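Following: one structure in structure tokens, then a few remarks.
Each value in this text was obtained by applying a stated rule to the coordinates, not by laboratory testing. Quick caveat: nothing in here was measured; it's all calculated off a predicted structure. Don't worry about glycine lacking a Cβ; one is built from the backbone with ideal geometry, like all the others, and counts go over all protein chains shown.
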Amino acid sequence: MNWIWFHKLGSPKWFFQWANKWSKFAFVIGLVMLVVGIAWGLGFAPADYQQGNSFRIIYIHVPSAILAQSCYLGLGVAGLVSLVWRMKMAPVFIKAVAPLGAVMAVIALISGAIWGKPTWGAWWVWDARLTSVLILFLLYMGVIAIQNSLDDMQLADKAVAVISVVGLINLPIIKYSVEWWNTLHQPATFTITAKPAMPMEMWLPLLLSTLGMYGFIAAIAMWRMQTEVLVREHRSNWVKKEILDNGI
Amino acid sequence: MTYSSFFYSEILAIFRRKQDAVNALVFFLLVITLFPLGVSPSKEFLQPAAGGIIWCAVALAVLMSVEGMFKEDYNDGSLEQLVVSGLYLPVLVLLKLAVHWFAIMLPLLVLTPILSQMLFINWEILWVLILTLILGSPALFLIGTIGAALTVSLRRGAVLMLLIILPFYLPVIIFSTGAIAAAQVGQPYNGQLAILGAISLMTLTLSPIMAAVSIKASVN
Amino acid sequence: MAFESINEFISMGTHGPYVWSVYGISLILLLGSYFASVKAKKNQIKRLKQRYLREQKS
């Protein structure tokens, strides 16, 4: 396999120009898919025979929950890359993506809580999924907190990399322990997505909105990373040229 | 400096600063006292909740004591000496941790039977509680070290460290209180103990290296 | 279309308030992150541009 693209991604200059090209593309495609998926799910998918129309919350709940987990996976991998290969872009990625992951976790939490009211009759239930998203949110807040409180940039980069890697290794353990704890304590309730197989008309819009959310968040992440590159590389000539030639 | 001279100096340092260990113990006692006062002193509440109360208190006390572990060394420059000493830093971290573990956990384990009476824990359950403490607390210390090493250069690192480390304590707390709860209803609890041991072993391999990376970053 | 009329679509059976509040909050949060990120990038470019122009003059 050809790894040149991977090495190129490590170069801020190459990344900046690559993101210039692809971020708008990802944004447009992602936004269209997200809007189509959600509109389809809200207006055209059949109502759930058990939960009625409240299940339509799934079209924002599941994409954001998946994104929250994917972003953390990304943080962990970037942390590993940053510690092992000291690639310049890895800490930039962590800094740019951590707040987005936190926002995704917040959306998943709020939508889960509001969904819980008509489904379980309570705003919050200590369900395994909700609890692990809550913990995920706390992990994100830890990464953001340490990023913001260390003034020395190199130390901050190292610190968030360490915490992300530790988090990546611990995430499966936390998830497993929460699930185990949940089966121990949970009184008999049916879970949000208990049905074995979703019919195609429900599942397709979910897939669309999830993919759309990926594109949307990827585009925003690229812009945030570009901003961070501009902050860090402001002394280099290519940034100067880029800004004076193609700036606003 | 050799590994053994470092080890002896650490033991000496712990004895010179007895107050740190005493503080952790008093903190542990205080947190436990909060529950009967804050929720209910009745046996019906305390007996099933005792395992959770003790474990939460232990987790917080361990975090409090681990937080200051590198502070003194950082301030007087000896942490830098350790980094440039040519010795393998993760091993030094591990030695330091072992000394701390004994200094905090031994008095705590001695105190536990007394406390368990105050929280209405039966003698059979006490045995399980002590087993979970022995198997699970190394993980608390090991994970906490990473946070202590990361925040050592900060003047007010304690809250930050609590924030980033406490989520990682959840599996340990879940499985140890799970073992105690299982023992209380007469179910087998070996599985939970095995998982606790596994978590401690896993953090034993990972966290000294991570702590060493963080120390190097903090010192420079 | 799963609904007969616009009114039915808005009321979502009895679950309208739940569904629409979720989508409203999500929309606000997503738009917020979008605008914040775009604005941060624009501000950074503007700041750097001013700085480079000042450096060129001197």
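Table for the structure above
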quantity: Axial C-alpha extent at least 20 Å, average Kyte-Doolittle at least 1.0 - helices from chain A (DSSP); calculated: A:58-84, A:89-120, A:128-149
quantity: Euclidean distance of C-alpha centroids, the range A:112-141 and the range B:7-25, integer Å; calculated: 43 Å
quantity: Global size of chain B as Cα Rg and Dmax, reported in angstrom; calculated: 17.9, 57
quantity: Low-density loop positions, trypsin sites (Lys or Arg not before Pro), the range B:112-220 - DSSP coil, at most 11 other Cβ in 10 Å; calculated: B:R155, B:R156
quantity: Theoretical FRET efficiency, 1/(1+(r/R0)^6), r = Cβ-Cβ of B:S85 and B:A198, R0 25 Å, to 0.05; calculated: 0.15
quantity: Cα coordinate range in the protein assembly as shown, projected on the principal axes (Å, largest first); calculated: 70, 69, 45
quantity: Rounded tilt (10° steps) of C:16-57 against the dominant C-alpha axis of chain C; calculated: 10 degrees
quantity: Of A:K88/C:K42; A:K95/A:K175; A:K240/C:K41, pairs whose Cα-Cα distance is over 19 Å; calculated: A:K88/C:K42; A:K95/A:K175
quantity: Per-selection Kirkwood Rh - chain A (Cα, Å, 1 d.p.); calculated: 19.7 Å
quantity: Positive-end extreme of charge dipole, the protein assembly as shown - chosen from A:L83, B:F15, B:I121 (charges on Cβ); calculated: A:L83
quantity: Cα gyration tensor shape of the range A:22-128, rounded if a/c is under 1.5, else prolate or oblate by comparing a/b with b/c; calculated: oblate
quantity: With at most 15 neighbouring Cβ atoms within 10 Å, loop chymotrypsin sites (Phe, Trp or Tyr not before Pro) (DSSP) excluded, longest segment of chain A; calculated: A:127-189
quantity: Straight-distance crosslink candidates among aspartates and glutamates, where the alpha carbon sits under 19 Å from A:K158 and sequence neighbours closer than 8 are dropped; calculated: A:E228, A:E233, B:E67, B:E80
quantity: Length-normalised contact order for chain B - Cα pairs under 8 Å, 6+ apart - percent; calculated: 27 percent
